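**Student:** Got a structure here, written out as structure tokens. Questions coming.
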Amino acid sequence: MKRMPRKTGQENEAMKSTEVVVVGAGIVGASTAYFLAKAGLNVALIDCRGVTGSGGASQACAGGVRHQGRVPIEMPLALYAIPFWKILEEELETDLHYRREGMTIVTDEENLVPRIEERVANEQLLGLDIRMVYGEDLRRLIPGISPRMLAGSYCPIDGHADPLRTVNALVSAAQRRGAVVKWCCKAQCLVKENGRIVAVNTSNGKIRCSQVVLSAGAWSRALAATVGVTLPFEPFTLQMMVTRRCPHVLGQVLGWLGHGISLKQVPSGGFVIGGGWPGHGDLATGKTALMPGSMAKSAFTTIALFPSLSKRSVIRAWAGIEAFSMDEMQVTGPISGVDGLFIAAGFSGHGFAIGPGVGSLIADFITTGRLSELLSPFNLDRFGSSGTEGKRNAE
Amino acid sequence: MNSPDDLVICRCESVTLGKIRECLKSSAARTVNEVKKLTRAGMGVCQGRTCARTVELILEREDGTQLGTEPYQVRPPIRPVPLDDLAAGAEDFSEPTGPVSVVMLRKPLGTEGCDETHAPKNGARE
């Protein structure tokens, strides 16, 4: 294949050594690399895919940036991390299409209203700006929502952003700050000597380093195993759809309790439809295929939630592989017995909103040695001793 | 190639030749799919049916990429389909039984005593 030499920020010769290797250029890895480079460390961000990645969770992300509906133990992290989005566009010098016009999770079932009310009360106690909205108030708040919806939890500071623009912007900003980014560079194993990380073996050769941040999503499990660490993750492929551009009628993100739907209208006009519907994926190749039943059921749910969309056309569906941990919460933290290794994966479908904040906290840990309390609930050892298949503490 | 920068290549998303050239110069994009994701050429309503071939030619002539190296990834629907047409067959599908978040029955960390069996874990999936 003839190629003309490329003059870009990417180094063409093999990289021999650096301080920190960040494995995986999704939202968490790109964020971490950015904040590490900003702090002045020598960072290499590597990804087995090309520049815009394919198959991972960040590229099949609905782009929601929400506080509500998170497991309570994650709320402090969300309250810290989500405000990053207010300054991110300026910091990264890129339009991320971030909007903060609120999110409402609704129900059409009378007996589920108290369930939402209870969650709202708990979230208010945790410090979140959120309230219940009922009946006519709900219809006035969200014109176009199905009249069968009875009530919803409205958080005015929830919103959404564009995952593709965001990850690309973080990578570019990391490069401007001196991070070296290696595409099509597949981490094959981590190398430890005397209980500490000394290198990453990649398809482009060995990179010597003193720290590794393992943020390779579903692919983290195999890499962690190369140094005897067991990550209790399962890969699930999640599917998305988008419609053609429509006149703007929806500013909020909508969810529907008990139904798989996350509905938003993005600034360019399309409706992005998520909701956790499964697709087919092959971890070994990263290739995904669509499950037609997911498209059909997701479409059905969308129309039931927002009936005026029934004639709007879907132009694209796509899918990506996410790592779900045994308790559906991320693993973040250093690993005892493997000094220099930091795991940041298994975000189980809710990593996008908190990704930049998490990246900042990881950079803080690597530069100061102190782990934020915000990350400590997600240490690997909650599953039992690392290195063995986890016993769930929550069982 | 002597064509001017302001030549519109992707008319659905108004992506010009200049924008594609800039992408090839300043990023690591090497395939039509990567150029698509960085410039939006091919992400509009026709999903590249009009411009894909042109973008491939641009890559060949401006960047030396051999034609046919990696085609535009085509996904269903191969033309726009109204949501109600997609939804019409929903009941006929035995798979999936539900979204991933509802199917998984594990108890999330820190929700001991919290009965969210009806709800998808973590509320709606983003």
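Derivation of every value follows stated rules applied to the coordinates shown; laboratory data play no part. This one's a predicted model, so the numbers in the text were calculated from it and none came from an experiment. All Cβ positions, glycine included, derive from the backbone under ideal geometry; neighbour counts span all protein chains shown.
**Student:** Just need log10 I(q)/I(0) for region A:238-395 at q = 0.14, 0.21 Å⁻¹, Debye formula, equal scatterers on the alpha-carbon atoms, no solvent, rounded to two decimals.
**Tutor:** -0.85, -1.26
**Student:** In whole Hz, with x marking every Gly and Pro, tabulate ³J(HN,Hα) for region A:42-52 from phi via Karplus 6.51 cos²θ - 1.76 cosθ + 1.60, θ = phi - 60°.
**Tutor:** Result, ordered by residue: 7, 10, 10, 9, 10, 8, 6, 9, x, 4, 10 Hz.
**Student:** Here's another thing I want to ask about it. Would you please give the residues with an amide H less than 5 Å from that of B:Ile9, counting only those at least 5 places away or on a separate chain, with H modeled from the backbone geometry?
**Tutor:** Long-range HN contacts for B:Ile9: B:Val15, B:Thr16, B:Leu17.
**Student:** Based on other C-beta atoms within 10 Å, arrange A:Met329, A:Met149, A:Met103 from fewest to most.
**Tutor:** A:Met149, A:Met329, A:Met103
**Student:** In region A:68-155, which trypsin sites (Lys or Arg not before Pro) are in a loop and have at most 13 other Cβ atoms within 10 Å, using DSSP for the loop call?
**Tutor:** A:Arg148
**Student:** If you average 1/r over every pair of different alpha-carbon atoms in region A:205-310 and take one over that average, what Kirkwood value in Å do you get?
**Tutor:** Result for region A:205-310 stands at 16.5 Å.
**Student:** Taking all pairs of distinct Cα atoms, average 1/r, flip it, and tell me the Kirkwood hydrodynamic radius of the protein assembly as shown in Å to one decimal place.
**Tutor:** About 23.4 Å, per the Kirkwood formula over Cα pairs.
**Student:** Report, to the nearest 10°, how far helix A:163-176 tilts away from the longest principal axis of the Cα atoms in chain A, using its own Cα long axis and a range of 0 to 90°.
**Tutor:** Compared with the principal axis, the helix lies near 30 degrees.
**Student:** Follow-up question, since we're still on this one. Can you sort A:Ile116, A:Ile273 from fewest to most other Cβ atoms within 10 Å of each residue's own Cβ?
**Tutor:** By the 10 Å Cβ count, ascending, the order reads A:Ile116, A:Ile273.
**Student:** Hey, another quick one. Hey, what angle do you get for helix A:292-305 against the long axis of chain A, alpha-carbon based, 0 to 90 degrees rounded to 10?
**Tutor:** Around 40 degrees separate the two axes.
**Student:** To continue, here is another question. What's the exposure ranking of A:Lys182, A:Lys287, A:Lys297, going from fewest to most Cβ atoms within 10 Å?
**Tutor:** Exposure proxy ranking, most exposed first: A:Lys287, A:Lys182, A:Lys297.
**Student:** For A:Ser210, project a label point 7 Å along Cα to C-beta. Then give me every residue of region A:350-367 with its amide nitrogen under 13 Å of that point.
**Tutor:** Only A:366-367 pass the distance filter.
**Student:** Using only alpha carbon positions, build the gyration tensor of region B:36-84, then give the equivalent ellipsoid semi-axes as the square roots of 5 times its eigenvalues, largest first, whole angstrom.
**Tutor:** 24, 10, 8
**Student:** Okay, next question. To two decimal places, what compactness ratio does region A:43-145 give when its Cα radius of gyration is scaled by 2.2 N^0.38 Å?
**Tutor:** That works out to 1.38 for region A:43-145.
**Student:** Could you identify which residue out of A:Leu125, A:Leu374, A:Leu112 has the top mean-square fluctuation in a GNM of chain A using Cα springs shorter than 10 Å?
**Tutor:** Highest fluctuation among the options: A:Leu125.
**Student:** Now for a separate question. Dividing the Cα convex hull volume of region B:4-63 by residue count, how many Å³ per residue is that?
**Tutor:** About 64 Å³ per residue, rounded to a whole number.
**Student:** Whole-Hz Karplus ³J(HN,Hα) for region A:234-251, in order, using 6.51 cos²θ - 1.76 cosθ + 1.60 and θ = phi - 60°, x for Gly and Pro?
**Tutor:** These are the phi-based 3J(HN,Hα) values: 10, x, 10, 9, 10, 10, 10, 9, 9, 9, 5, 4, 10, x, 6, 10, 9, x Hz.
**Student:** What's the local net charge at B:Ala90, with K and R +1, D and E -1, over the other residues with C-beta under 14 Å away?
**Tutor:** In short, -4.
**Student:** Just to be sure I understand the model, the point goes 7 Å from the Cα along the line to the Cβ. What's the resulting A:Asn111 to A:Glu193 distance in nm?
**Tutor:** Modelled inter-label distance: 6.4 nm.
**Student:** Explain nothing, just the number: relative contact order of region A:168-224, from Cα pairs under 8 Å at least 6 residues apart, as a whole percent.
**Tutor:** Computed over region A:168-224, the figure is 23 percent.
**Student:** Once you list every other residue whose beta carbon is under 12 Å from the beta carbon of A:Asn201, what net charge do they have if Lys and Arg are +1 and Asp and Glu are -1?
**Tutor:** +4
**Student:** When only C-alpha pairs under 8 Å and at least 6 residues apart count, what is the relative contact order of chain A, in percent?
**Tutor:** 24
**Student:** So for region B:1-68, averaging the separation of alpha carbon pairs under 8 Å that are six or more residues apart and normalising by length, what relative contact order in percent results?
**Tutor:** 29
**Student:** Roughly what % of Cα-Cα distances in region A:245-288 sit above 13 Å, to the whole percent?
**Tutor:** 62
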